[in-house]
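The values are calculated or read from the model by the stated rules, or taken from the named source; none is laboratory data. Just so it is clear, the structure is predicted and the values come from calculations on it, not from any experiment. Please note: Cβ atoms are built from the backbone with ideal geometry, for glycine as well, and neighbour counts cover all protein chains shown. Only protein heavy atoms, including side chains, enter the accessible area calculation; ligands, DNA and RNA are left aside. Shrake-Rupley method; radii C 1.70, N 1.55, O 1.52, S 1.80 Å.
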Amino acid sequence: MPHLQSLPSPNKLYVAMVGLPAMGKSVIAYKLQDNLSNLGLSARVFNNGEVRRRLFPENTSHAEFYDPNNAKLVALREDIALINMYEAKDFLNNESGNVAILDATNVSAPRRHKMIAHLSDHPILFVECRNHDADLYAASVARKTKLSEFAHLSTEEAQASFEARIRHYRSIYCPLDTDGSGTDGCPPGAKGPENYVIVDSLNHRIITEHLLNEPPYYGLLRDLLVSDWVKGLSLIRHGETEFNREHRIGGDPRLTDKGRQQARLLAAHFRDRHISSVVTSTLRRTREMADILLEGRPEVERYALKEFDEIDAGVCDAMTYDEVRQLRPGIWESRKADKYNASYPGGESYASMKERVERGVKKALYLSGNAENLVIIGHQAVNRMILSHFLLRREEDVPYVYIPQDRYFHIVSTQSRKLVELLPF
Ligand code: F6P
């Protein structure tokens with residue numbers, strides 16, 4: 001019988017991230033760390049890249065450094081991984097840590113075997129991140145290539161170098177749910193580890209769950225993996241346009257003087273507040289709002305998503321509400337009877353735009369890392385939908401939610417805090 005002292009402590013866990021670069025691993029790793037810490041657990045991320053930059057401050061960003069056929073460099077990278085593992089081990093055993101999160105690609109079977117061998121003192125849960133959205137992949141690569149380690153390269157060179165790095169990782173990638181056939185990048189007969197979960201990191205969905213013995217904190221971790229995590233989202237509607245003044249719907253109008261004044265008040269309100277990223281629709285009124293908000297703030301990341309374009313009014317686009325009532329009474333009546341489900345011919349209903357707006361929310365949260373100080377600038381119908389995503393409104397009430405142009409919604413949604421407040425600017 002093993003001596004009591006050598007039994008693994010039931011409240012300690014290694015979480016080992018797995019996934020190709022730009023799959024959202026670090027976002028999830030920090031989301032776990034922050035949420036677990038908020039719940040009173042001691043959790044810390046251990047990132048291989050940080051160890052590499054700490055030990056080798058000279059340039060290791062070039063793609064050849066990741067070439068799996070260069071034995072010398074492979075050995076060096078394995079040493080870095082091992083140092084990171086032992087720092088994580090020390091945290092659990094000597095610093096009263098509860099959860100050590102190992103953030104690295106860990107895509108090859110030999111690397112994972114090494115982790116299992118060296119981290120045998122506590123259970124390991126492997127978490128593989130997947131994300132197949134081309135826009136997000138491009139945005140993640142663009143963000144990586146802005147890191148200081150690429151500063152000596154032009155944007156194109158940095159991008160080419162990072163993509164070559166990804167190809168090297170892809171050549172040794174063995175998915176956790178290998179079928180053992182030897183045709184999926186894993187050695188023939190390979191098996192996944194005892195405990196793993198594969199997540200769609202954009203949609204916060206669990207793709208596969210494989211548990212031979214449930215590790216500590218698993219219920220909590222699984223909930224965190226599937227939850228939106230919004231540390232601070234400001235949901236803003238664009239300022240006044242000529243169309244708003246005339247009660248005209250749709251179109252692509254610009255802001256009026258009053259609308260630009262509203263944007264300046266917004267900018268003044270946010271002057272001393274940190275903004276990490278701003279996501280607009282692709283329409284001019286939201287982009288103009290962002291231009292004014294971000295004057296003199298070049299460090300803020302900006303994205304324009306089609307998913308946040310205003311409800312498509314189809315044949316009624318650019319009509320006033322009065323014109324719709326007089327010229328398209330059928331549409332007017334059907335909106336009155338069931339505004340949520342009534343579709344504009346050739347356009348959308350609230351019901352049919354729900355899916356794309358929700359996709360936009362997921363993309364915005366993903367792009368902003370952990371939605372800390374994220375600003376979304378949208379439209380009346382789109383903002384109703386976004387707000388309802390957090391407020392769980394009844395569908396029939398969504399088209400009547402009040403979305404003013406001189407106030408904004410501040411939203412927090414984490415494991416321990418849910419808040420939606422309407423604030424003036
Ligand atoms: O009036 C501004 C606007 O954003 C229009 O472009 C859009 O059709 C409308 O609001 C959506 O609100 P409702 O569904 O109440 O007409």
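Kindly provide the Kirkwood hydrodynamic radius of segment 236-294 in Å, to one decimal, from all pairs of distinct alpha carbon atoms.
11.7 Å
Which far-off residues, 5 or more places away or on another chain, put their amide H under 5 Å from the one on Leu102, with H placed in the peptide plane?
Sorted by chain and number, the residues that satisfy this are Val15, Ala16, Met17, Phe46.
With θ set to phi - 60°, apply the Karplus curve 6.51 cos²θ - 1.76 cosθ + 1.60 along segment 220-228 and write out the HN-Hα couplings as whole Hz, x wherever there is a Gly or Pro.
After applying 6.51 cos²θ - 1.76 cosθ + 1.60, I find 5, 4, 5, 4, 5, 5, 9, 8, 5 Hz.
Which angle between 0 and 90 degrees, to the nearest 10, do you get for helix 284-293 versus the longest principal axis of the chain when only C-alpha atoms count?
60 degrees
Report, to the nearest whole %, how much of the accessible area of segment 11-225 belongs to carbon and sulfur atoms, 1.4 Å probe, protein only.
Answer for segment 11-225: carbon and sulfur cover 52 percent of the accessible area.
Compute from the Cα atoms of segment 11-225 the Rg and the Dmax, the latter being the longest Cα-Cα distance, and quote both in angstrom.
Cα only, segment 11-225: 16.8, 49 Å (Rg, Dmax).
Please compute the Kirkwood hydrodynamic radius over segment 364-425, one decimal place, Å, based on all pairs of different Cα atoms.
Evaluated on segment 364-425, it is 12.6 Å.
According to a simple spin-label model (label point 7 Å from Cα along Cα-to-Cβ), what is the distance in nm between Lys306 and Leu265?
3.5 nm
Place a label point 7 angstrom from the Cα of Ala63 along the Cα-to-Cβ direction, then list the residues of segment 149-192 whose backbone nitrogen is under 18 Å away.
Of the residues in segment 149-192, 149-173 have backbone N under 18 Å from the label point off Ala63.
Quickly work out the Glu299-to-Ser154 label distance, labels modelled 7 Å from Cα along the C-beta direction, and quote it in nm with one decimal.
2.8 nm
For the chain, compute Rg over Rh where Rg is the Cα radius of gyration and Rh is the Kirkwood radius from the inverse mean 1/r over Cα pairs. Please report the intermediate quantities before stating the final value.
Working: Rg = 24.8 Å, Rh = 23.9 Å.
Ratio of gyration radius to Kirkwood radius: 1.03.
Using 0.36 nm times the number of residues separating Glu421 and Glu214, minus their current alpha carbon distance, what extension gain do you get?
Values: separation 207, 0.36 × 207 = 74.52 nm, distance 3.88 nm.
70.6 nm is the gain from fully extending Glu421 to Glu214.
Leaving ligands, DNA and RNA out of it, report the carbon-plus-sulfur percent of the accessible area of segment 230-424 at a 1.4 Å probe.
47 percent
Take the alpha carbon atoms of segment 139-182, find their center, do the same for segment 376-395, and report the distance between the two centers in whole angstrom.
Centre-to-centre (Cα) distance: 35 Å.
Over the alpha-carbon set of segment 30-138, divide Rg by the Kirkwood Rh and report the Rg/Rh ratio to two decimals.
The Rg/Rh ratio comes out at 0.99.
Report, in deg cm²/dmol and to the nearest 500, the calculated mean residue ellipticity at 222 nm for the chain, where each DSSP H run with n ≥ 4 adds -39500 (n - 2.57) and the sum is divided by the residue count.
Counting only the DSSP helices, I get -12500 deg cm²/dmol.
Quick one: pull the percentage of alpha-carbon pairs in segment 276-401 with a separation above 23 Å.
Beyond 23 Å sits 37 percent of the P(r) for segment 276-401.
What lysines sit close enough to Lys191 to cross-link, taking a C-alpha to C-alpha distance under 29 Å and skipping anything fewer than 8 places away on the same chain?
Straight-distance partners of Lys191: Lys12, Lys25, Lys31, Lys72, Lys89, Lys114.
If you fit an axis through the alpha-carbon atoms of helix 155-172 and take the longest principal axis of the Cα set of the chain, what angle between them do you get, 0 to 90°, nearest 10?
The angle comes out near 50 degrees.
Between Asp135 and Asp338, what is 0.36 nm times their sequence separation minus the Cα-Cα distance? Round to one decimal in nm.
My answer for the length gained is 69.6 nm.
Accessible area per residue for segment 230-424 in Å², computed with a 1.4 Å probe and the full protein assembly in place, what is it? It would help to have the intermediate numbers written out before the result.
Details: 8890 Å² over 195 residues.
Normalised by residue count, the accessible surface of segment 230-424 is 46 Å².
Across 10 Å bins from the origin, how do the percents of Cα pairs in segment 79-149 run, short distances first?
Per 10 Å bin, starting at 0, the Cα pair percentages come out as 16, 40, 28, 16, 0.
What does the accessible area per residue of segment 11-225 come to in Å², with a 1.4 Å probe and no ligands, DNA or RNA counted?
Value returned for segment 11-225: 44 Å² of accessible area per residue.
Given N residues in segment 95-188, what is Rg(Cα) / (2.2 N^0.38 Å)?
Normalised Cα radius of gyration, segment 95-188: 1.33.
Specify the residue with the greatest mean-square fluctuation among Glu149, Glu310, Glu240, computed from a Gaussian network of the chain linking alpha-carbon atoms under 10 Å apart.
Highest fluctuation of the listed residues: Glu149.
Quick one: which residues, 5+ away or cross-chain, put their amide H under 5 Å from the amide H of Arg302? H built at 1.01 Å from N.
The list, which skips near neighbours in sequence, is Val278.
Give me, ordered by chain and number, the residues 5 or more places off Val107 or on other chains with an amide H under 5 Å from its own placed amide H.
Close amide H contacts, sequence-distant or interchain: Gly19.
If you wrap a convex hull around the alpha carbons of segment 338-389, what volume per residue comes out, as a whole number of Å³?
80 Å³
Karplus couplings for segment 123-140 from phi (6.51 cos²θ - 1.76 cosθ + 1.60, θ = phi - 60°), rounded to Hz, Gly and Pro as x?
x, 10, 10, 8, 10, 9, 9, 10, 7, 10, 7, 5, 5, 5, 4, 4, 5, 5
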